1. Using only the alpha-carbon atoms of the range 39-175, report the extent along each of the three principal axes, biggest first, to the nearest angstrom.
2. Across the range 200-209, in residue order, what do the Karplus-derived ³J(HN,Hα) couplings come to in whole Hz, using 6.51 cos²θ - 1.76 cosθ + 1.60 with θ = phi - 60° and x for Gly and Pro?
3. Determine the relative contact order of the range 111-188: mean sequence separation of Cα pairs under 8 Å and six or more apart, normalised by residue count, in whole percent.
4. Keeping every protein chain in place, order Glu157, Glu195, Glu246 by accessible area at 1.4 Å, biggest value first, i.e. largest first.
5. State the answer as a single residue: which of Ala33, Ala88, Ala49 lies farthest towards the positive end of the charge dipole of the range 22-152, with beta carbon charges of +1 for Lys and Arg and -1 for Asp and Glu, about the Cα centre.
Amino acid sequence: MTALADPPAPVVSPTGRPPVRPRRSGAGRTLKAGPLAYAVLILAVLVSAFPFYWTIVAASRTNADLAQVPPSLVPGPHLIRNFEAVLAEADIGKALLNSLIVSGSITVGTVLCCTLAGFAFAKLRFRGRGALLAVTVGTMMIPPQLGVIPLFMLIAELQWVNQLQSVILPGLVSAFGVFFMRQYLVQSLPDELIEAARVDGASTARIFWSIVVPIARPGMAVLGLLTFMAAWNDFFWPIVALSSQEPTVQVALRQLGGGYVHDQSVIMAGTLLGTLPVLLVFGLLGRQIVGGIMQGAVKG
């Protein structure tokens, strides 16, 4: 019988200390943030959050306080009074409701239509798919201001001027949303799932609702937030299609602070009211948004 060989003795350095293991590299490497990274992150947070903090400060001060040099950086006691001035100068309640209707409708329509189109461009095979996708992406290079006059002529012919559908319908589909969902589904939706569903006898509509939508939910959340913010902050087309009797938030803010000297505190108070719904939407969809960004950043 052959004797078993003894295991090799551990390598000991001349100083008697165990050898230092090299750090792992590649995908298994563990990175630790140093003081410089924390300093850069804190600076980025402060720079990003300061405009919102200044909005709160300005909304709680008077116009005379804001004219001081240097201005105060501490919130003042006039926030409620400025909110009351906003409600008195503009129908901000109706504007908030109109913006919620417009932004919500555009968001739901864009997410649904763009996910359908993105699924078709990503996984379905049909003639002219590449050409249609190229045309769709190419429309993003056309400035939207070029279509304002023919679009206004169209809604005037339909007698939709000063009605919310004149703002909702043109924004129900976006080329960016189609391209975004197409790229997301190309990476996140395996072809094997679709083939297995076809073998089981599922139709295209059943595949979309039962397989595509659950997988695309993080990407849909990201697209939904981007669309809601763009629709909520849109000023150019609503000021053309709507009037002060049927305003959105951005149109209503134009009526604030009137007079020979604009009251910046009242304008900032209205801006703060118009920002709160966007923060609420981000708070509700924040986890899905981060998950969608991380899933889209890692392929496979």
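1. 65, 50, 25 Å, listed from the longest principal axis down.
2. 6, x, 6, 7, 5, 5, 5, 4, 5, 6
3. 67 percent
4. From most accessible down to least: Glu157, Glu195, Glu246.
5. Comparing the listed Cα positions along the dipole, Ala33 ranks first.
The values are calculated or read from the model by the stated rules, or taken from the named source; none is laboratory data. Since we're looking at a predicted model, the values are computed, not measured. We place every Cβ from the backbone using ideal geometry, glycine too, and count neighbours over all the protein chains shown. We work out accessible area using only protein heavy atoms, side chains counted, and drop any ligands, DNA or RNA first. Shrake-Rupley method; radii C 1.70, N 1.55, O 1.52, S 1.80 Å.
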